[in-house]
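*Asks:* Dropping the structure in here first, questions after.
Bear in mind that the values in this text are calculations on the coordinates, not laboratory data. Just so it is clear, the model here is predicted, and its values are computed rather than measured. No Cβ is skipped: glycine too gets one built from the backbone with ideal geometry, and neighbour counts run over all protein chains shown.
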Amino acid sequence: MDDKTKSIMFGVAVGFLSAYLVQYFFRPGTLFSFLVGGAVGIGLTIFLIARARGEKASEVAQEVIEQAVKPDPGAPERLVKEQLTQLNERIRLVPLDIAILLPCEQLIDLLWNTIPHAREKSPGSETTFDLEQLATTHLPKLLGSFVDLKPAARTAQQAELIQQLAELQANVAKLQKHLDQGELHEFQVEQGFLKQKY
């Protein structure tokens, strides 16, 4: 275990102990006790990390504050990739016909590659948002409701789902082509493609 981990664990332990002692001796209320304990624990942790690094405690405190308020730029992309991975795993756990499985996986792969490209070339656009919604909401709902059907009902719905997947794949492929060719205006005017068709 490295020094930073030890310092954090020790600081957390002292924080809880401080909260307990404040509550036991002064009985101010649980919330106040935990606030005092938290402040003591954070302060001690910062001090111990600074000492282990040979830095000033104020520098470590500044670093902690910056990390706490700095947004994680990779979080939205991770969410999309996690959703697509979970969706891919879910459809593989159900014995689906290859006629369904193949277009599902092709669409998932296409979204996996297109969404980061869309974020890079057209961040914040409505079309990029639509692609993200397709990956995180619409497609999981569409495939989830199909997978949840009984086998006989799945067979009855299969042709319709294959058609929907083909249309979605064609739309996403068209968007990917616009991005690949640098046609950002054409990409952006496709906004609302999910609402128009589905």
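*Asks:* Treat every Asp and Glu Cβ in the stretch 47-198 as -1 and every Lys and Arg Cβ as +1, leave all other atoms uncharged, and give the resulting dipole magnitude about the Cα centre to the nearest 20 debye. The partial results should precede the final answer.
*Replies:* Working: 17 positive and 22 negative charges, 77 e Å.
The calculated dipole for the stretch 47-198 is roughly 360 debye.
*Asks:* Among (i) 17.9; (ii) 24.7; (iii) 14.0, which one is mean projected area of the Cα convex hull in nm² computed from these coordinates?
*Replies:* Read-out from the structure maps to (i).
*Asks:* I would also like to ask the following. Using 0.36 nm times the number of residues separating Lys174 and Ile162, minus their current alpha carbon distance, what extension gain do you get? If you can, show how the numbers build up before the last one.
*Replies:* On the way: separation 12, 0.36 × 12 = 4.32 nm, distance 1.82 nm.
The span from Lys174 to Ile162 would gain 2.5 nm if fully extended.
*Asks:* Could you tell me the relative contact order of the chain? Use alpha-carbon pairs under 8 Å, at least six residues apart, and round to a whole percent.
*Replies:* Numbers: 150 pairs, mean separation 34.9, N = 198.
In percent, rounded to a whole number, it is 18.
*Asks:* Then there is this: Ignoring the sites themselves, what is the longest stretch of the chain with no GluC sites (Glu not before Pro) in a DSSP loop and at most 16 other beta-carbon atoms within 10 Å?
*Replies:* Details: sites that count: Glu55, Glu183.
The longest uninterrupted stretch comes out as 56-182.
*Asks:* For labels at Phe26 and Asn113 in the simple 7 Å Cα→Cβ model, what's the distance in nm?
*Replies:* Placing both labels 7 Å along Cα→Cβ, they lie 6.2 nm apart.
*Asks:* Can you tell me the 0 to 90 degree angle between the C-alpha axis of helix 151-180 and the longest principal axis of the chain, rounded to 10?
*Replies:* The angle comes out near 80 degrees.
*Asks:* Right, here's the next one. State the answer as a single residue: which of Leu96, Phe47, Gln169 lies farthest towards the positive end of the charge dipole of the chain, with beta carbon charges of +1 for Lys and Arg and -1 for Asp and Glu, about the Cα centre.
*Replies:* Phe47
*Asks:* Please work out how much length the chain gains when fully extended from Gln106 to Val12, using 0.36 nm per residue of separation minus the C-alpha to C-alpha distance, in nm with one decimal. Let's see the in-between values first.
*Replies:* Values: separation 94, 0.36 × 94 = 33.84 nm, distance 4.72 nm.
Length gained, Gln106 through Val12: 29.1 nm.
*Asks:* OK, next. Can you compute the modelled spin-label distance between Thr85 and Val64, with each label point 7 Å from Cα toward Cβ, in nm?
*Replies:* 3.1
*Asks:* Which of Gly124, Ser145, Leu107 sits farthest toward the positive end of the charge dipole of the chain, with +1 on the Cβ of Lys and Arg and -1 on the Cβ of Asp and Glu?
*Replies:* Looking along the dipole axis, the top candidate is Ser145.
*Asks:* Right, here's the next one. Efficiency by 1/(1 + (r/R0)^6): what FRET value for Arg53 and Phe129, r their Cβ-Cβ distance, R0 = 30 Å, to the nearest 0.05?
*Replies:* Numbers: r = 42 Å, r/R0 = 1.40.
Computed FRET efficiency for Arg53 and Phe129 comes out at 0.10.
*Asks:* Let me know the charge dipole size of the stretch 125-182 about its Cα centre in debye, to the nearest 20, where only the beta-carbon of Lys, Arg (+1) and Asp, Glu (-1) is charged.
*Replies:* On the way: 5 positive and 7 negative charges, 50 e Å.
Roughly 240 debye, rounded to the nearest 20.
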